[in-house]
Amino acid sequence: MPLFEAQGLAKRFGDQVVLQNVSLAFDEGMLAGIMGPNGAGKTTCFHLLTGRYKPDRGCVRFAGEDITGLPPRVIARKGIARSFQAMNLFNDDSALDNVLVATPFVRQHGFDPWRDLGADSGAQDAAAQVLARVGLKGKEHVPAKRLSYGDRRALEIGVALAAAPRLMFLDEPTAGLGADGTARLVELIGELRRQLTIVIIEHDMRFLFGLADRITVIHWGQVIAEGTPDELRRNEWVQRSNLGALQ
């Protein structure tokens with residue numbers, strides 16, 4: 001049984017049909033990708049999978065449990081984390097505090113116990129370990145707004161990791177990154193995939209084809225192709241698109 005599964009998802013906004021009959025499945029330990037042109041419905045699909053939107057039809061299951069339509073905070077507590085294309089950080093707080101906010105301790109007790117967190121060396125050590133995992137060791141007390149763009153991207157992934165997820169969704173993680181930042185991200189995700197199931201929505205096809213075990217192509221609100229990177233390189237639609245340059 002797949003770790004995460006969506007069947008027959010459909011979503012419309014007014015008269016506009018954005019997704020119709022989309023089915024996806026991600027096995028535990030997989031690094032999966034979702035790709036497609038602008039306006040294809042990828043982001044809407046991501047929002048349905050992570051609870052930001054409720055589907056008009058269809059169902060979503062995680063570890064055998066129906067989580068369709070549950071609020072994002074409830075889905076997160078079940079072991080699913082996500083990043084956003086537009087970064088969602090507390091800019092005036094330190095990198096360490098950004099991670100602390102996402103730890104299971106704060107999720108269980110709310111935002112009141114800041115004073116206790118400051119005195120809780122165990123919580124701070126755990127947050128520091130997360131920062132070290134994403135390459136931010138030594139920058140624990142730097143305000144998020146003073147970090148470089150690449151470091152901010154790494155911090156956002158660190159915030160997602162702090163929740164100790166079983167599955168992590170990454171939304172356009174290379175957005176705004178140069179070649180060096182993208183190379184660093186490849187290395188980071190390569191390490192994380194050893195412990196997590198990861199699903200990436202991404203516009204950088206070279207990045208995605210170099211990492212993913214399987215990729216789903218969404219266009220016109222439907223799944224039009226799926227398979228390994230090698231299978232998609234041979235796919236007729238891919239060959240007619242700009243992705244043909246990857247061959």
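Only the coordinates and a few stated rules stand behind these numbers; no lab work does. Computed from a prediction, not measured in an experiment: that's the story for all the values here. Note that we place each Cβ from the backbone using ideal geometry, even for glycine, and neighbour counts take in every protein chain shown.
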Sort E28, E65, E172 so that the residue with the fewest other Cβ atoms within 10 Å of its own Cβ comes first and the one with the most comes last.
-> E65, E28, E172
Whole-Hz Karplus couplings 3J(HN,Hα) for the stretch 214-231, θ = phi - 60° and coefficients 6.51, -1.76, 1.60, Gly and Pro as x, run 9, 10, 10, 9, 10, 8, 6, x, 9, 7, 10, 6, 7, x, 6, x, 5, 5
Could you list which residues have their amide H under 5 Å from that of I67, counting only those 5 or more apart in sequence or on another chain, with H placed in the peptide plane?
-> V60, R61, F62
Listing D97, D27, D15, D180 from the residue with the fewest other Cβ atoms within 10 Å to the one with the most, what is the order?
-> D15, D180, D27, D97
Placed amide H near I34: partners under 5 Å, 5+ positions off or other chain = I200, I201, E202, T216
Ranking of C59, C45 by count of other Cβ atoms within 10 Å, fewest first = C59, C45
Please find the FRET efficiency linking R57 to E191, where r is the Cβ-Cβ separation and R0 is fixed at 35 Å, and quote it to the nearest 0.05.
-> 0.40
The chain - percent relative contact order, Cα under 8 Å, separation 6 or more | 27 percent
Taking θ as phi - 60°, what are the ³J(HN,Hα) couplings along the stretch 145-151 by the Karplus curve (6.51, -1.76, 1.60), each to the nearest whole Hz, with x for Gly and Pro?
-> 5, 9, 6, 5, 4, x, 5
Note the full-extension length gain between D66 and E140 as 0.36 nm times their separation in residues minus their Cα-Cα distance, in nm to one decimal.
-> 22.9 nm
